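For reference, the structure is listed below as structure tokens.
The values are calculated or read from the model by the stated rules, or taken from the named source; none is laboratory data. All of these numbers come straight from a predicted model, not from anything done at the bench. Neighbour counts are summed over all protein chains in view; Cβ atoms, including those assigned to glycine, are modelled from backbone coordinates with ideal geometry.
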Amino acid sequence: MSDFIKAGVIGHPIGHSKSPLIHNYWIRKYGLEGSYEALDIEPQHLEQGLQRLIDQGYSGFNLTVPHKEFVIPFCDGLEETAHIIGAVNTLYFDQGQMIGANTDAFGFIQNIKMQQREYNFSGKRAVVIGAGGAARAVIYGLLKEDVAEVIICNRTLEKAQKLADDFKDLGIVKTAAWDERSEILTGVDIVVNSSSLGMSGQPALDINLQALSPEALVCDIVYAPLYTDLLKQAQDKGCLIVTGIGMLLHQARPAFEYWFGVLPDVDQSIENLVLE
Ligand code: ATR
């Protein structure tokens, strides 16, 4: 039993998490000895709860709402990505040190590269809708891929301005007012919805893509529904589109590799499993 590897996702609440489905699928697929559980810890008990799990021999964790920022002070070290994004979604141990990583930007970019083979980000102009935690990972990913500029458009302009300031050392990051979201699309190559708009139970993202070139790439990080109104509108124009489910699947791959030593593949079966 000594080779048995335990990992899990910590959140509060945690019942909604798709991560156990994803990681347990890979544990079975690669014939590994291990388990991945949903672990509910309240924010005020995070430090003790984490320690208890570490004492029980866990090899690592994913973090989800509301712990991604709260966990930072308890890490012995942070990967650069987690440091710059300001959130940790993965914990692993390296020579006894608990390291915080963030694999969301990798997941976002890798998803685009898988759905639109050899997509070249270099020199492109991108509009990012939203300025929450997901937007931070998206903006970091785009800037690391050498886009020419990112324009953040968010209902609350101050949050967009804060993000633009946080990322200014990585490239050109501008902001646009919420009311301008349709007009700013002239000459834009990439549009990403990183807000919760369009998700089942949320209002649709009310945006007019008329000014957008049919050559543009339109991505949604929302995956329920898989084809959001934004993606349908983009598809009708002839734009390239990228659905959101792959970001969830690809962000899980480096975490799985940290704990289980195998970089898993994203195949159609896992996508179907998660979308069921
Ligand atoms: P996450 O961590 O998943 O990104 P979040 O931090 O709650 O979630 O961010 C949600 C994003 O969706 C924010 O950009 C939010 O805009 P505000 O910063 O103005 O709150 C955006 N959002 C949510 N509901 C919205 C709505 N009805 N209209 C416009 N934007 C909305």
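Just a few scattered comments:
- Restricting attention to the stretch 238-276, the residues that are among the basic types (Lys, Arg) and loosely packed, with under 15 Cβ neighbours inside 10 Å total 0.
- Residue among 229, 206 that is in the same structural domain as residue 128 (by TED's automatic domain parsing), modelled with pLDDT of 95 or more, over 21 Å from the mean Cα position of the chain (by Cα) and closer than 27 Å to residue 16 by Cα: 206
- Residue 127 falls short on exactly one of the conditions (1) under 25 Å from residue 271 (Cβ atoms); (2) in the same structural domain as residue 187 (by TED's automatic domain parsing); (3) not polar (S, T, N, Q), and that condition is (1).
- The set of residues in the stretch 161-201 being within 16 Å of the ligand (Cβ to nearest atom) and without any contact (Cβ under 8 Å) to a residue 12 or more places away in the chain consists of 165, 179, 201.
- Selected residue (only one of 257, 215 is touching a Cys at 6+ places or on another chain (Cβ under 9 Å) and under 20 Å from residue 113 (Cβ atoms)): 215
- Count of residues meeting criterion [within 16 Å of the ligand (Cβ to nearest atom) and farther than 21 Å from residue 103 by Cα] in the stretch 131-151: 1
- Selection status of residue 68, in the same structural domain as residue 260 (by TED's automatic domain parsing), within 16 Å of the ligand (Cβ to nearest atom) and modelled with pLDDT of 95 or more: yes
- So residue 61, is it under 18 Å from the mean Cα position of the chain (by Cα) and either closer than 30 Å to residue 269 by Cα or β-branched (Val, Ile, Thr) (or both): yes
- All strands (runs of 3 or more DSSP E) inside the stretch 142-220 with 2 or more residues being in contact with a Gly (Cβ under 9 Å, 6 or more places away or on another chain): 149-153, 190-193, 217-220
- Screening residue 128 on (1) within 12 Å of the ligand (Cβ to nearest atom); (2) in contact with a Lys or Arg (Cβ under 8 Å, 6 or more places away or on another chain); (3) not in a helix (DSSP H, G or I) shows it passes everything except condition (2).
- Selection within the stretch 28-40 - surrounded by fewer than 20 Cβ atoms within 10 Å (Cβ to Cβ) and not small (Gly, Ala, Ser): 28, 29, 30, 32, 33, 37, 40
- Pair list, Cβ under 6 Å, 6 or more apart: the stretch 24-41 residue in the same structural domain as residue 269 (by TED's automatic domain parsing), other residue of a type in the set (D, E, K, R): 33/3; 35/6
- Residue within the stretch 79-87 that is hydrophobic (A, V, I, L, M, F, W, C), touching a Ser or Thr at 6+ places or on another chain (Cβ under 7 Å), buried (at least 21 other Cβ atoms within 10 Å of the Cβ) and closer than 25 Å to residue 171 by Cβ present: no
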